[in-house]
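Note sheet for the following structure.
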Amino acid sequence: MSQTETAGETAYRALALQTRTRAVNGLSPAEARETMAASIARIGGEVAAAARWVGPDLRLVVLPEYVLSGFPMGEPVERWRDMAALAPDGPEYEALAAVAAREGLFLSGNAYESDPNFPGLYFQASFVIDPSGEVVLRYRRLHSLYSPSPYDVWDRYLDLYGMDAVLPVARTEIGNLACIASEEILYPELARALALRGAEVFCHSTSEVTSPALTPKEIGRRARAVENLAYVVSANSGGLHGIPIPGDSTSGGSKIVDFEGRVLVEAAGGESVVAYAELDLAALRRNRARPGMGNLLSRVKPGLWADEYARHDVERPNGLDGRPPERSWFTRRQQESIDRLTGPA
C-alpha cells in the first residue's frame, strides 16, 4: 500500500457542481454533437461563476455522470457510440480542458468514450483534467449493467493498457485523486483497491434518484469514506431533460463526505452551486498514519480474500470480442451470472 504524499496544497475547497443534463436521445449524430458542445459552453460558464461564488481556493470541481449526453435508452451500441461517445483526443475534451485551464482548477466528470483499439464499442469513462488542460486520469467504468466495460475485453485491454490504467490514481498538488462512476460506489472492492493505491479523494460522478430516505448509494458514499479514510465528492444531476422520464427524477443530493463519514455539505434539488466544502488533506493523512481501531485501511488483509474471491465464478471476463453486441446480450450476461450464483454449490 502506497500512501505517498504529493507536495502541494493540504487544504482547499472542492465543489460537487449540480448541473442539468440535456439528453441527446433521438437526435442525429450531428445534432447530438451540437447539443454536447452547447452543454460544455453552459457548464464552462457555471464553473466560472462557481469559482467566483466559492472563492480563489476552489481547486476541484466534479460534474455529474454522463453530463453531456444522458444515457442510452435502447439505441444500438453502434448508434450510441456515433452519437454520444467522445474521442479521447476529440473536440469535447479540448473544450473541457479549456474550462479547467481558464479557471485554473481540476475538473472531473464522466462521459461515454470511444477507443480506436475497440472501434465497435464504447466505454463509460470518468476523467480528471488538471489546470494546465491535461487529462491526468482516465478511468473506464468496470461495473456496468448495460454498457461495455474493459472487463468484457479483459485480456486485450490489459495487454494494451496494463492494470495501472484500469485502476488509475492521479498524484496531484491537491492530493491523490481517483474516480468512481455512479453505482460503482456500491462496490467496496473498487474503492478499496484505489485507496490501497493511494487515493485520498474519490471523485464520484453520479445521476441517481434522491430521496429523504437513506438510499443504497447514500449508504455507499458514507461507507466508502469510512472504510478507506477518504473524501467523497459526489455530484448528482440537477435534472435530466430531453427524455420521457420526468426531469427532476435525478436531481439533488450532491454532497461532500469527509473521511469519517460525515456529510459536510449537501445540495437540495435543481441546479446548484452550494455543495462545496474544504478538504483537509493534512487531517486525512494524520488519521491514516494514526494507530487505532478506526484506521480500517491499515487493517485490511488482501491476501486473505484473494484466494477466496478466486474460487467464485460470477461475471466472467472477455465476454465480447470487440464487435458491437445486441442490447439483449447484457441481459443474458446477468442472467448467466445469477444462474451460476444460485445453482448447485
**OP:** Kindly rank 325-336, 140-151 from highest to lowest mean number of other beta carbons found within 10 Å of each residue.
**Re:** 140-151, 325-336
**OP:** Keeping the other protein chains in place, figure out the carbon and sulfur percent of the accessible area of the chain, with a 1.4 Å probe.
**Re:** 56 percent
Subject >> Projected-area mean, the stretch 178-324, by convex hull of Cα positions, square nanometres >> reply: 11.8 nm²
**OP:** Would you mind checking which residues have amide H under 5 Å from residue 125's amide H? H placed 1.01 Å from N; only 5 or more apart, or other chain.
**Re:** 111, 112, 113, 141
Subject >> For the stretch 244-336: relative contact order, % (alpha-carbon pairs under 8 angstrom, 6 or more apart) >> reply: 14 percent
Original post:
Where q = 0.13, 0.14, 0.15 Å⁻¹, what log10 of I(q)/I(0) comes from the Debye formula for the stretch 35-181, counting one point per Cα?
Top reply: -0.58, -0.67, -0.76
Original post:
Evaluated at 4 °C with a viscosity of 1.567 mPa s, what Stokes-Einstein diffusion coefficient in µm²/s does the stretch 118-164 have when Rh comes from the Kirkwood expression over alpha-carbon pairs?
Top reply: 109 µm²/s
Subject >> Average silhouette area of the stretch 83-160, convex hull of alpha-carbon atoms, in square nanometres >> reply: 5.3 nm²
Subject >> Accessible area of the chain divided out per residue, in Å², using a probe of 1.4 angstrom >> reply: 43 Å²
Subject >> DSSP beta bridge pairing in the stretch 164-243, given as percent antiparallel to the nearest 5 >> reply: 25 percent
Subject >> Scaled radius of gyration (Cα, divided by 2.2 N^0.38 Å) that the chain gives >> reply: 0.96
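The values are calculated or read from the model by the stated rules, or taken from the named source; none is laboratory data. A quick note: this is a predicted structure, and the numbers were derived from the prediction, not measured. Positions of Cβ are generated from backbone atoms using ideal geometry, with glycine treated the same way; all protein chains shown enter the neighbour counts. The accessibility values were calculated without ligands, DNA or RNA, using every heavy atom of the protein model including side chains. Shrake-Rupley method; radii C 1.70, N 1.55, O 1.52, S 1.80 Å.
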